[in-house]
Amino acid sequence: MWKKIRVTTLLIVLCLVSSETYLKQLEATDWIEPLRVVVYPINGDGRASTQAYIDSLGEAQFDEVERFMKRQARGYHLLVDEPVQVVLGGQLDEAPPAPPRDGGVLHAIGYSLGMRYWSLRHDREPADIRMYLVLFDPGHTDRLPNSVALSKGMLGLVYGFADHEYDGSNNFVLTHEMLHTLGATDKYDPVTNYPLYPAGFAEPWVAKRLPQRKAEIMGGRIPFDEHNAYMPYSLDEAVIGGYTAAEIKWIR
Ligand SMILES: [Zn+2]
């Protein structure tokens, strides 16, 4: 009985929220005005070293993301010259809820709503897209949790390393998740992480297919041979491929 009530309530709330976010996403992908993306840093491990990194962050931190989007957009002849403006938001004291480990649909719906509610409560600045960047000292954390984005919620949760050596890869992951919020889908095998051919390859149609020189942003890695692919160091080694471009409506 209680489960039924809970499920029904969840579904009603979801319908209401979905129609609103659907309209928002539709407007965001008309690419007439630059989208304002606010990145909120969060100290993920409470360490002084992580805090020192956050304190060192400036507005220029995400210029690479803006330049990448601008460079890529040029190839698709968008009306807007600068597709996104990425600004640094104030630090938040609390991290958003982590995504559920088990992949049940109800858990996913509950998480999605919980995350949107959390975001509403921590909303400080006007934004089209909100990204929460939870940082950890790489000297004490080897593996980061998987970053996530709500495909229709226009918000993302990105885990990154609090060290300027990782700025390039943090920006790569941030951009990948940001594009999820605009409707882009993953283009890699979830078991092996190897990019899917052809959609997840930066240059799928070149005569010598392997090794690839760059990563398709949603493919996530640079394919080296038939089975191995590695993470790019920065967005300089990435492109937005045709399949992703179609999903975010750069090709109509
Ligand atoms: Zn992804």
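The values are calculated or read from the model by the stated rules, or taken from the named source; none is laboratory data. Just so it is clear, the structure is predicted and the values come from calculations on it, not from any experiment. Virtual Cβ from ideal backbone geometry, glycine too; neighbours counted across all protein chains shown.
Could you list, in sequence order, all residues of the stretch 94-127 that are part of a loop (DSSP other than H, G, I, E, B), over 25 Å from residue 51 (Cα atoms) and touching a helix residue (DSSP H, G or I) at 6+ places or on another chain (Cβ under 8 Å)? The one that is part of a loop (DSSP other than H, G, I, E, B), over 25 Å from residue 51 (Cα atoms) and touching a helix residue (DSSP H, G or I) at 6+ places or on another chain (Cβ under 8 Å): 100. Cβ separations smaller than 7 Å between residues 6+ apart or across chains give the following pairs from the stretch 176-187 residues that are within 15 Å of residue 39 (Cα to Cα) and not assigned by TED's automatic domain parsing to the domain that holds residue 232 to residues that are assigned to a loop (DSSP other than H, G, I, E, B) and near the ligand (Cβ under 8 Å from one of its atoms): 176/218; 176/220; 177/147; 179/218. On inspection, residue 191 fails the criterion of being assigned by TED's automatic domain parsing to the domain that holds residue 75 and β-branched (Val, Ile, Thr). Can residue 145 be described as at pLDDT below 95, away from the ligand (no atom under 12 Å from the Cβ) and more than 29 Å from residue 27 (Cβ to Cβ)? Here the answer is yes, as residue 145 does meet what is asked. Could you please let me know if residue 96 is over 30 Å from residue 34 (Cβ atoms) and either under 16 Å from the mean Cα position of the chain (by Cα) or not hydrophobic (A, V, I, L, M, F, W, C) (or both)? Judged against the criteria, residue 96 is not a match. Applying a threshold of 7 Å to beta carbon distances and a minimum spacing of six or more residues, or different chains, the list of pairs starting in the stretch 1-30 at a residue that is within 30 Å of residue 78 (Cβ to Cβ) and not assigned by TED's automatic domain parsing to the domain that holds residue 153 and ending at one that is at pLDDT 70 or above and part of a helix (DSSP H, G or I) reads 17/113; 17/116. Every condition in (1) farther than 28 Å from residue 136 by Cβ; (2) more than 16 Å from the ligand (Cβ to nearest atom); (3) outside any loop (DSSP other than H, G, I, E, B) holds for residue 206 except the one numbered (3).
For residues in the stretch 162-172 being surrounded by fewer than 21 Cβ atoms within 10 Å (Cβ to Cβ) and outside any loop (DSSP other than H, G, I, E, B), which is nearest to the ligand (Cβ to nearest atom)? Step by step, filter the stretch 162-172, then rank; the result is 169. Go through the stretch 53-74 and give me each residue that's touching a residue at least 12 places away in the same chain (Cβ under 8 Å), small (Gly, Ala, Ser) and part of a helix (DSSP H, G or I). 56, 73 - these are the residues of the stretch 53-74 that are touching a residue at least 12 places away in the same chain (Cβ under 8 Å), small (Gly, Ala, Ser) and part of a helix (DSSP H, G or I). Filtering 130, 143 for residues that are of a type in the set (D, E, K, R), crowded, with 23+ Cβ neighbours inside 10 Å and not in a helix (DSSP H, G or I) leaves a single hit, 130. The set of residues in the stretch 173-196 that are near the ligand (Cβ under 10 Å from one of its atoms) and either buried (at least 20 other Cβ atoms within 10 Å of the Cβ) or charged (D, E, K, R) (or both) comprises 173, 176, 177, 179, 180, 184, 186, 187, 188.
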